[in-house]
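The values are calculated or read from the model by the stated rules, or taken from the named source; none is laboratory data. From a predicted model like this one, the values you see are computed outputs, not experimental measurements. Cβ placement follows ideal geometry from the backbone for every residue including glycine, while neighbour counts extend to all protein chains displayed.
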Amino acid sequence: MTVIYGLIGVWALLDPMFGALEMDYPSFLDAVGLSVSSPIGYSEIAGIYGGLNLCIGFMCLTGIFKKDIGIFAVKFITFLVGSIALGRVLFSLIPTTPTFYNTYFIFEISALIVGLILLYFHSHSKNNI
């Protein structure tokens with residue numbers, strides 16, 4: 001998760017600069033289906049997608065060395081991806097909206113299941129000590 005979230009964060013932070021320099025690389029905005037309609041939009045992309053994902057990556061990295069932060073990171077990411085997946089499903093229930101099923105949803109459900117399994121085994125290992 002350190003690598004995934006860290007790279008997403010850096011990609012989102014640098015995307016406007018690489019776009020302005022007309023560098024040939026996959027655009028973050030294109031990958032997630034967004035477009036910016038005003039200058040504040042770039043700040044929002046940098047903050048919400050860049051900063052949040054980068055800090056989640058740092059939290060996961062710290063969790064490798066600090067068990068309590070690692071457990072918190074698993075709980076946080078499990079809650080986060082589960083919430084995002086739920087939002088996609090609920091939005092898809094509104095008539096004429098697109099389906100929830102896409103590669104991001106598959107990642108979110110996979111991370112949710114892995115997180116729940118890790119938390120289940122962690123809680124059961126604590127009770128047997």
- [ ] Consider only pairs whose beta carbons are under 7 Å apart and that are at least six residues apart or on different chains; among these, list those whose first residue lies in region 10-25 and is within 22 Å of ILE56 (Cβ to Cβ) and whose second residue is of a type outside the set (Ser, Thr, Tyr) and in a loop (DSSP other than H, G, I, E, B).
- [x] none
Task: The one condition in (1) at pLDDT below 90; (2) farther than 20 Å from ASN102 by Cβ; (3) of a type in the set (Gly, Ala, Ser) that SER27 fails to fulfil - done: (2)
